[in-house]
Amino acid sequence: MKFSWKNILLWSLPILVTIFFVWQGLLVPNSNEAGKNVASSRMTYGRFLEYLDMGWIKKVDLYDGGHTAIVEAVGPDLGNRIQRIRVELPTLGQELIPRLKQANIDLDAHPINNNSAIWNILGNLVFPILLVGGLALLFRRSNNGAGGPGQARSFGRSKANIQMEAKTGVQFDDVAGVDEAKEEFQEVVTFLKRPELFTDVGARVPKGVLLVGPPGTGKTLLAKAIAGEAGVPFFSISGSEFVEMFVGVGASRVRDLFKQAKANAPCIIFIDEIDAVGRQRGTGIGGGNDEREQTLNQLLTEMDGFEGNTGIIVIAATNRADILDAALLRPGRFDRQITVDVPDYKGRLAILKVHSSNKKLADDVSLEAISRRTPGFSGADLANLMNEAAILAARRYKEAISISEVDVAIDRVVAGMEGTPLVDNKSKRLIAYHEVGHAIVGSLLRHHDKVQKVTLIPRGQARGLTWFMPSEDQTLISRSQILARIVGALGGRAAEDVVFGDSEVTTGAGNDLQQVASMARQMVTRFGMSQIGPLSLESQSTDPFLGRSMMSGSDYSDGVATDIDKQVQTIVEECYKEAVKIIKNNRVIIDYLVDLLIEKETIEGDELQKIIQNYTAIPV
Ligand code: ADP
Ligand code: MG
Ligand code: ZN
């Protein structure tokens, strides 16, 4: 990097911009000063007067020549905590002053700064000037010809985000539930520690190992554990960092990476998200990406370039092996693939043990029960879950994590943060009917998962939720189970329809219907569960954006496509009829449950079960 004034200016541009914003924010006393006083909530003047009468106002700061006040208030509907609230005052606050004095409230006024207009104009000018100046410099820099490959390379090197950890500190014991992968890797560890065992008998050790699996299943952790167990340095870089807009940077980063690794052998090179560079060549949408291909070629060259026994092992991770370039998977490159999947019951239990070993658990917490309740959770989800529970326990001043924190944490990981419930109005009733619809249909169908709870407390995107207790790991699902799920998912819309009428149904069922459509279509095209018969009509990978599946069209004729649509339609229609029937036949209990739900906001599964049994025991 040359230290010319241009370079210095170029690099200082972001700093100047930052300084500008800080200056705008802190120094320029503009008319918005009141807003800077973290008062995210507001209240009306009327409400403020009410609060004043009740004696809930503790302190008043006047801003803006009396147009605005930031008040500190305590009140039962403020959670009994002191909160800063913003109030717009209609009367410049003068007539308030005697009242405030009388009530003995702390009062302060902050004058407007008269210079503010000038400061504002100056402030607003500086930014455009900086921007234009910076852009001009950038253009000159890229036009003056010196910015050829040489400069690009040094640019790349100075920025290359290769991370080196001399000791990762991760051991195999920290990774749980992936026993097969660990076994495979044991061999790699032995090789890194005692290569002579292999070289003496003339064995060739794999240069590259590809870890395939969904996000959060512990691929990075495994790679680190290998380095940790073998006591060798760990070089890591993410595939997406190879691919940048400066041509040639990717390839030069690959070269750098291997150069550094060779100097530190034996070691592990870890390439995360290798699909970012290693995607099948020539399938890029909108023309190939030369930069990516160059990077990939460089990677292939480097991998061929060193002998297997120099002590470098390249581990790459991806969640899609199917879109990788075939050249990457040839012998002598990533010829060994290890799949790391979402853990099963036993795996989850083992991971939970790892992540609770440093936490205090109350006696009522059973890791077995948590593991049973969390099918589909990845290792990262489980780690997150235990951490959330611990944070919650700390916030509640508990000495150990109890089952109630775990419950909240599971809900949070599955469905996002809790929101505030709606006030009682028509739409709350409608949501209640919708959820009770899911719950009742789910409860009455023999093949449906059991209802765990119904709640009107919104979470994430959902405004109400019905939780089902997933049955044990669901690798094999029968036709009647899928059908039951479809009927259950339609229960919400069916209830809206039956209770409020066709014209009142809402968009609330959008998500349900999406699931329904996907389940019904898969029944027909993947699982051979329709009248078309046991034909698989679609390949598994249907990602329209990436890789090979783009190239291969559908494997069936237009006629079959029409048949598929018809079958899907029939399935959904039948299921909807069934859902409507169940809702109509159980209207009394549904009305009762809705009232109960609106009152209590949450009904637990056991209680629901009891209520339903009591009712259905009475013959209609
Ligand atoms: P990936 O690279 O597959 O996306 P990571 O290795 O980054 O996943 O996992 C993220 C975190 O999740 C880890 O740091 C660890 O705390 C936890 N985790 C994931 N899988 C496991 C596992 N099998 N055993 C223990 N912890 C795990
Ligand atoms: Mg990772
Ligand atoms: Zn729904």
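The values are calculated or read from the model by the stated rules, or taken from the named source; none is laboratory data. What you see is a predicted model; the values in this text were computed from it and never measured. To get the accessible areas, we keep the full protein, side chains included, count just its heavy atoms, and leave off ligands, DNA and RNA. Shrake-Rupley method; radii C 1.70, N 1.55, O 1.52, S 1.80 Å.
Quick look at the numbers
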read-out	value
Area accessible to solvent at THR507, 1.4 Å probe radius, in Å²	130 Å²
Three-way shape label, segment 177-225, alpha-carbon gyration tensor, a/c 1.5	prolate
Relative contact order (percent, whole number), segment 400-517, Cα cutoff 8 Å, 6+ residue spacing	26 percent
Under Karplus coefficients 6.51, -1.76 and 1.60, residue-wise ³J(HN,Hα) of segment 71-85 in Hz, glycine/proline x	10, 9, 10, 10, x, x, 7, 9, x, 6, 10, 5, 10, 9, 10
Residue-level accessible surface for LYS581, protein heavy atoms, 1.4 Å, Å²	120 Å²
Ranking by accessible area, most exposed first, for ILE82, ILE477, ILE457 with a 1.4 Å probe	ILE82, ILE477, ILE457
Accessible surface of segment 203-267, 1.4 Å probe, proportion on carbon and sulfur as whole %	59 percent
Sulfur and carbon atoms: percent of accessible area, segment 345-414 [1.4 Å]	52 percent
Under-5 Å amide H pairs with LYS450, H placed in peptide plane, nonlocal only	MET469
Amide proton proximity set for ILE457, modelled H, under 5 Å, gap of 5+	LEU465
By accessible area with a 1.4 Å probe, ligands and nucleic acids excluded, highest first: order of GLU229, GLU291, GLU88	GLU88, GLU229, GLU291
Alpha carbon Rg of segment 426-613, scaled by the compact-globule rule 2.2 N^0.38 Å	1.12
Too-long pairs where the Cα-Cα distance tops 30 Å, listed order kept, from LYS182/LYS262; LYS193/LYS360; LYS398/LYS610; LYS426/LYS577	LYS193/LYS360; LYS398/LYS610
Sequence-distant aspartates and glutamates (8 or more away, or on other chains) whose Cα lies within less than 18 Å of LYS167	GLU229
Contact order relative to length of segment 345-414, as percent, for alpha carbon pairs under 8 angstrom and 6 or more apart	38 percent
Rounded accessible area per residue of segment 351-452, 1.4 Å, Å²	49 Å²
Under 5 Å, built H, 5+ apart or other chain: amide partners of VAL209	VAL314, ILE315, ALA316
For ARG255, solvent-accessible area (1.4 Å; no DNA, RNA or ligand), Å²	100 Å²
Which of TRP56, TRP467 is most accessible, then next, and so on - probe 1.4 Å	TRP56, TRP467
Normalised contact order of segment 426-613, rounded percent, pairs of Cα under 8 Å and 6 or more residues apart	30 percent
